[in-house]
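**Q** This is the structure, below, for whatever I ask next.
The values are calculated or read from the model by the stated rules, or taken from the named source; none is laboratory data. Note that the coordinates shown come from a computational prediction; the quantities given were computed from them, not determined experimentally. Every residue, glycine among them, receives a Cβ derived from its backbone with ideal geometry; neighbour counts consider all protein chains shown.
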Amino acid sequence: MVTTATHQSVIHFSRGVPPLEAIPTRELADHAIAAVREVPGAMFQYAPLGQYQGDPALREEIASFHGFEANQIFVSNGALQVLDLLASHLLRNGNHNVYVEAPTYDRAVQIFQRHGGQVRGIPMEEDGIDLNALAKYCLTCSPAFVYTIPDFQNPSGITMSEAKRQAFVSLASRFHFTIIEDIPYRELRYRGVSPPLIAKTPAGVSDIARVITVGSLTKILSPGLRVGYAVSDPETSRQLATLAEGTYLSPSPLCQAIAARCMKASVVHANIERVRQLLKPRHDHAVTAARRLLGNALLSVPDGGYFLSAHLRVHTDEATFVAAAKKEGLVLTRGSAFYPPSSAPPAGTLFLRLPFQALDPEDFALGLERLVAIADGK
Ligand SMILES: Cc1ncc(COP(=O)(O)O)c(C=O)c1O
């Protein structure tokens, strides 16, 4: 349900969770029942052991969805689990340098650090990561990998341009680092045409091992299914499967079978269209309100995804600002949490992530009005 606030009630600019109405629960239930009826034994047993890369039917569906081969697909329990396994795999050889966008998804940074990653934030520009800054750091110290969220980034909303994707892949070849592109919001485009996957840019295709794509069904089918995947070279896929078996033995066969059936029966395609229709008006109203109330503080005007974001000029520190907002009925996530080590928002500003996907447009605008009033000290 869209949350509807009154002038007294609380508005949440906090979590980037899919609204319940974006999840096709009836179709999911039907396919769950059908999967259990068809092969009950397999659904309630461990999956086969020995480099099991995921449900074969699901891997075929994911491969054809993105235009890859099934032997390149490894399926796990959500994209975060995939990132955890990838960090373990890519950081095993002693190079612990990891470069990420600043700001970026805080949970990914925590995962990389847990695996010993020395994470450095590289500033973002309007069209994606600042490649000049990245090249400068690479000259001193080439990373094991660079993590990017190239489409409707969490938290900024920024999309990397096609030209930058090409230059990024060239840089990866020059400095021999792997790119991880994490694409959970890619299909949620409300206008325009998507640039190619980084793994599909010309330089990327010729050296596919250098770009690993991480996808998720969380935003286009269901977060509760916990289905995410990596697209890499077949050998890396097998190595991830070995790591997975050593970590959790087996994914849930039932969840992967439901996902495979939903992809095959076009439930996912239909749901992507439905979610676009559902979120486009919320996006359009949010953009209009943000342009009116935030002006130049807005970091980008995305054509999709869940988030707008801003560098808001303030006269207090973040903790005081967040507490003042709470008093005024506005729940904010601390923006500094999205800035990895050695990075920060511009001096005198706070970074604010503004998720619009679950808010009624009037409430979004009301939330921004409260925000601006607090920043102005009114
Ligand atoms: C960039 C990014 N990656 C991964 C995830 C989590 O995906 P999953 O639910 O598949 O673990 C999120 C969820 O918010 C996200 O924003």
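**Q** Checking V322 against (1) surrounded by fewer than 17 Cβ atoms within 10 Å (Cβ to Cβ); (2) part of a helix (DSSP H, G or I); (3) not aromatic (F, W, Y), which single condition isn't satisfied?
**A** (1)
**Q** Just to be sure before I move on: is S237 small (G, A, S), buried (at least 16 other Cβ atoms within 10 Å of the Cβ), in contact with a helix residue (DSSP H, G or I) (Cβ under 9 Å, 6 or more places away or on another chain) and within 26 Å of F112 (Cβ to Cβ) in the structure I sent? First the steps, then the outcome.
**A** Numbers: small (G, A, S): yes; buried (at least 16 other Cβ atoms within 10 Å of the Cβ): yes; in contact with a helix residue (DSSP H, G or I) (Cβ under 9 Å, 6 or more places away or on another chain): yes; within 26 Å of F112 (Cβ to Cβ): yes.
Criteria met by S237.
**Q** Further question on the same structure: Can you pull out every residue in the stretch 327-363 that is farther than 29 Å from L278 by Cβ and outside any loop (DSSP other than H, G, I, E, B)? Lay out the reasoning, then the answer.
**A** Residues of the stretch 327-363 farther than 29 Å from L278 by Cβ: 327, 336, 339-350.
K327, S336, T349, L350 - these are the residues of the stretch 327-363 that are farther than 29 Å from L278 by Cβ and outside any loop (DSSP other than H, G, I, E, B).
**Q** Moving on to the next point. Show the residue pairs meeting these rules: Cβ distance below 7 Å; 6+ apart or different chains; first residue within the stretch 363-378 and on the phi < 0 side of the Ramachandran plot; second residue crowded, with 20+ Cβ neighbours inside 10 Å and part of a loop (DSSP other than H, G, I, E, B).
**A** As it stands, the answer is F364/F356, since those pairs meet every condition given.
Condition check ((1) crowded, with 17+ Cβ neighbours inside 10 Å; (2) more than 30 Å from F175 (Cβ to Cβ)) across all residues:
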| position | (1), (2) |
| --- | --- |
| V214 | yes, no |
| T218 | yes, yes |
| P223 | no, yes |
| R226 | yes, yes |
| A241 | yes, no |
| P253 | yes, yes |
| M263 | yes, yes |
| R292 | no, yes |
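**Q** Only residues that are out of contact with any Gly (no Cβ under 8 Å at 6 or more places or on another chain), within 20 Å of S300 (Cβ to Cβ) and hydroxyl-bearing (S, T, Y): list them for the stretch 312-344, please. Steps first, please.
**A** At the first step, the residues of the stretch 312-344 found to be out of contact with any Gly (no Cβ under 8 Å at 6 or more places or on another chain) are 312, 316-317, 319-329, 331-338, 344.
Checking the rest, the ones that are also within 20 Å of S300 (Cβ to Cβ) come to 312, 332-333, 335-338, 344.
Correct list: T333, S336.
**Q** I need the full set of residues from the stretch 181-193 which are within 16 Å of the ligand (Cβ to nearest atom) and assigned to a loop (DSSP other than H, G, I, E, B), in order please.
**A** I183, P184, Y185, R186, E187, L188 - these are the residues of the stretch 181-193 that are within 16 Å of the ligand (Cβ to nearest atom) and assigned to a loop (DSSP other than H, G, I, E, B).
**Q** Answer yes or no as to whether P196 is away from the ligand (no atom under 16 Å from the Cβ) and either surrounded by fewer than 18 Cβ atoms within 10 Å (Cβ to Cβ) or modelled with pLDDT of 95 or more (or both).
**A** Numbers: away from the ligand (no atom under 16 Å from the Cβ): yes; either surrounded by fewer than 18 Cβ atoms within 10 Å (Cβ to Cβ) or modelled with pLDDT of 95 or more (or both): yes.
Yes: the conditions hold for P196.
**Q** Given A57, A47, A42, which one is outside any helix (DSSP H, G or I), more than 16 Å from the ligand (Cβ to nearest atom) and small (G, A, S)? Talk me through it step by step, then tell me what you get.
**A** Numbers: A57 fails: outside any helix (DSSP H, G or I); A42 fails: outside any helix (DSSP H, G or I).
When all the criteria are applied, what remains is A47.
**Q** Also, quick follow-up: I need a count of the residues in the stretch 15-39 that are of a type in the set (V, I, T), more than 16 Å from the ligand (Cβ to nearest atom) and at pLDDT 95 or above. Please lay out each step first, then the result.
**A** Filtering the stretch 15-39 for residues of a type in the set (V, I, T) gives 17, 23, 25, 33, 36, 39.
From what is left, the residues that are more than 16 Å from the ligand (Cβ to nearest atom) are 25, 33, 36, 39.
Now drop any that are not at pLDDT 95 or above, which leaves 25, 33, 36.
Of the residues in that region, 3 qualify.
**Q** If I filter the stretch 162-180 for residues that are closer than 26 Å to R274 by Cα and either away from the ligand (no atom under 16 Å from the Cβ) or in contact (Cβ under 8 Å) with a residue 40 or more places away in the chain (or both), do I get at least one hit? Quick ask: steps written out before the conclusion?
**A** Of all residues in the stretch 162-180, those closer than 26 Å to R274 by Cα come to none.
No, that holds for no residue.
**Q** Test T349 against the criterion of being under 18 Å from N296 (Cα atoms), in contact (Cβ under 8 Å) with a residue 12 or more places away in the chain and surrounded by fewer than 23 Cβ atoms within 10 Å (Cβ to Cβ), and give yes or no. Quick ask: steps written out before the conclusion?
**A** Values: under 18 Å from N296 (Cα atoms): yes; in contact (Cβ under 8 Å) with a residue 12 or more places away in the chain: yes; surrounded by fewer than 23 Cβ atoms within 10 Å (Cβ to Cβ): yes.
Taking the combined requirement at face value, the residue satisfies it.
**Q** Restricting the search to the stretch 217-244, which residues are within 16 Å of the ligand (Cβ to nearest atom) and hydroxyl-bearing (S, T, Y)?
**A** Going through the stretch 217-244, the residues within 16 Å of the ligand (Cβ to nearest atom) turn out to be 217-231, 240, 244.
Of everything in the stretch 217-244, those that are within 16 Å of the ligand (Cβ to nearest atom) and hydroxyl-bearing (S, T, Y) turn out to be T218, S222, Y229.
**Q** Does D284 satisfy being surrounded by fewer than 18 Cβ atoms within 10 Å (Cβ to Cβ) and either without any contact (Cβ under 8 Å) to a residue 40 or more places away in the chain or over 23 Å from E60 (Cβ atoms) (or both)? Working first, answer last.
**A** Working: surrounded by fewer than 18 Cβ atoms within 10 Å (Cβ to Cβ): yes; either without any contact (Cβ under 8 Å) to a residue 40 or more places away in the chain or over 23 Å from E60 (Cβ atoms) (or both): yes.
Spelling it out, D284 is indeed surrounded by fewer than 18 Cβ atoms within 10 Å (Cβ to Cβ) and either without any contact (Cβ under 8 Å) to a residue 40 or more places away in the chain or over 23 Å from E60 (Cβ atoms) (or both).
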